[in-house]
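Some notes on the structure that comes next.
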Amino acid sequence: MMKVLWLSNKVQSGQDLGKTGTWLDSMAQGLVQSGQVQLANIAMGPVHQIAQQDAGNITQWVIPAGVMLHLRNGLPPMTIVDDICRVVKEFAPDIVHVWGTETFWGLLSARRLIQHPTLLEMQGVKSAIARVYHGDLTWGEQIACIGIKEIVRGNTIPQGRSRFSTWACFEHEIVAGQPFITAQSPWLEAQIRVINSQCHIFHNDFALRQPFYLAAPWQPNEQAVIFCSASYPSPFKGIHIAVRALALLKRRFPAIQLRIAGALQRPGLRQEGYMAWVNREARRLGVEQNIQWLGALSADQIVAEIQQCAVVFLPTFIEGYSLALAEAMAIGAPTVVSYVGGATHLARDEDSALYFSPGDVKMAAYQIGRLLTDLRLAARLGMHARTVALERNDPERIIRRQFEIYHSVLRLTAE
């Protein structure tokens, strides 16, 4: 049995909490259920010191999430690094699977603090996100997003963008130091090749959560209901684009509804300044009553929302893959999505989705309007999307491919 150790940003719990990184849950379940892998995970979570918190058949250690506030030269304090290295040595994995370049995990292998064969899996690319972090907001709008929370925490939009830019040197080091990397899209491969032209690049897709495979196919809906989601409240996710497109559409569809999923709205001083500004923008545009903020949703709840909507709208400014698009396609829902990054690889314009240039509110509203008024077009797009997604995101194929990648890494390392 192969021993695989993950270094990730997601604590495995067996619960669908509606947070980001859901593909990790699906992959973990598939690997464990195969009976061919002994899986362990080291992740960051709400603990004060490293603690073992197993999740079913997954052996797991959780380190304090607060270490991200105390990085020096890209790494947490050496006491934490020593704890991680000790756990790795004790588990003695055949292969270490590093999920993402957004945090320090990849530095452990790039700097040879971990000597085991390592596979890096690309997720987000902070250096690329930094270029669009502000989501096309003007300087005046960025200033309007500053509240007490941003002042106290030093987390204005320019400061957030600066932090992403600063991490770019460590991201570069991580990618440059890996001989084996998995990319889910040609866009991600392009980011890798600029830095590391010699590495072996593997390709695989993300497995979806089970309810998306079991869901009944979407059916045309004459109600003007748009479903939108964002994993966190940052301007590059484009929630303000959805609000502005809604204002244009309301002229033609007075009863239109925009239903937004994600842990975006928070009470009182906990509210992000960007979201407070989005709320004011909705009031200014006269669409506040046309928006429902749904909060974090489970997979079952997302499926229900998508099946009841007329259009799925994804206004993001950047994507390495776009799991939300893959999920909507699997259900067979017609989707309007920004033509950015990995999202361009998942569907074909006018065949399995409708695209628009990121930030182009008028074109976004136009594409949504087409689907609201042409149910035959919506049905055709949805049917084609479902066919593509159920084949591309087939969980058995993805798990089988993951085993092939693991074995290839081990074979190439031994050569």
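The values are calculated or read from the model by the stated rules, or taken from the named source; none is laboratory data. In this text the structure is predicted, and so the values were computed from the model without any measurement. Please note: Cβ atoms are built from the backbone with ideal geometry, for glycine as well, and neighbour counts cover all protein chains shown. Ligands, DNA and RNA are excluded from the accessible area calculation, which covers all protein heavy atoms including side chains. Shrake-Rupley method; radii C 1.70, N 1.55, O 1.52, S 1.80 Å.
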> From the list ALA216, ALA207, which one is part of a loop (DSSP other than H, G, I, E, B) and more than 18 Å from the chain's Cα centre (by Cα)?
Replying inline: ALA216
>> Looking only at residues that are of a type outside the set (D, E, K, R) and out of contact with any strand residue (DSSP E or B) (no Cβ under 9 Å at 6 or more places or on another chain) in the range 385-401, which one is nearest to LEU325 (Cα to Cα)?
In response: ALA389
> Among the residues of the range 317-339, which ones are over 25 Å from GLN210 (Cβ atoms) and either among the polar types (S, T, N, Q) or open to solvent by 10 Å² or more (accessible area, probe 1.4 Å) (or both)?
Replying inline: PHE317, ILE318, SER338, TYR339
>> Among the residues in the range 119-140, are any modelled with pLDDT of 95 or more, β-branched (Val, Ile, Thr) and closer than 30 Å to GLU90 by Cα?
In response: no
> Looking at (1) part of a helix (DSSP H, G or I); (2) within 19 Å of TYR232 (Cβ to Cβ); (3) of a type in the set (A, V, I, L, M, F, W, C); (4) over 24 Å from the mean Cα position of the chain (by Cα), can you tell me which one ILE143 breaks?
Replying inline: (2)
> From VAL81, VAL47, which residue is without any contact (Cβ under 8 Å) to a residue 60 or more places away in the chain, among the hydrophobic types (A, V, I, L, M, F, W, C) and either in contact with an Asp or Glu (Cβ under 8 Å, 6 or more places away or on another chain) or open to solvent by 20 Å² or more (accessible area, probe 1.4 Å) (or both)?
Replying inline: VAL47
> more than 22 Å from the chain's Cα centre (by Cα), under 20 Å from HIS407 (Cα atoms), β-branched (Val, Ile, Thr) and buried (at least 21 other Cβ atoms within 10 Å of the Cβ): does that describe VAL37?
Replying inline: yes
>> Pairs needed: first member in the range 141-155, under 23 Å from LEU69 (Cα atoms); second member anywhere, part of a helix (DSSP H, G or I) and open to solvent by less than 70 Å² (accessible area, probe 1.4 Å); C-beta distance under 6 Å; at least 6 residues apart or different chains.
In response: CYS145/ILE157; CYS145/GLY273; CYS145/TYR274; CYS145/TRP277; ILE146/GLY273; GLY147/GLY273; GLY147/ALA276; GLU150/GLY273
>> If I go through the range 229-243 residue by residue, how many of them are among the hydroxyl-bearing types (Ser, Thr, Tyr) and buried (at least 24 other Cβ atoms within 10 Å of the Cβ)?
In response: 1
>> Suppose we keep only residues that are of a type outside the set (A, V, I, L, M, F, W, C) and surrounded by 21 or more Cβ atoms within 10 Å (Cβ to Cβ) within the range 94-122. Which one would you say is farthest from CYS199 (Cα to Cα)?
In response: THR103
> Is it the case that some residue within the range 251-265 is open to solvent by 20 Å² or more (accessible area, probe 1.4 Å), under 24 Å from THR22 (Cβ atoms), assigned to a strand (DSSP E or B) and not aliphatic (A, V, I, L, M)?
Replying inline: yes
> Filter the range 340-364 for residues that are of a type in the set (A, V, I, L, M, F, W, C) and surrounded by fewer than 23 Cβ atoms within 10 Å (Cβ to Cβ); which is farthest from the chain's Cα centre (by Cα)?
Replying inline: MET363
>> I'm checking my understanding of the structure. Among residues of the range 147-173 that are open to solvent by less than 80 Å² (accessible area, probe 1.4 Å) and of a type in the set (Val, Ile, Thr), which one is nearest to VAL194 (Cα to Cα)?
In response: ILE157
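This table checks each residue for (1) in a strand (DSSP E or B); (2) in contact with a helix residue (DSSP H, G or I) (Cβ under 7 Å, 6 or more places away or on another chain); (3) surrounded by 21 or more Cβ atoms within 10 Å (Cβ to Cβ); (4) modelled with pLDDT under 90.
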residue	(1), (2), (3), (4)
GLN12	no, yes, yes, yes
THR20	no, no, no, yes
ALA43	yes, no, yes, no
VAL88	no, no, yes, no
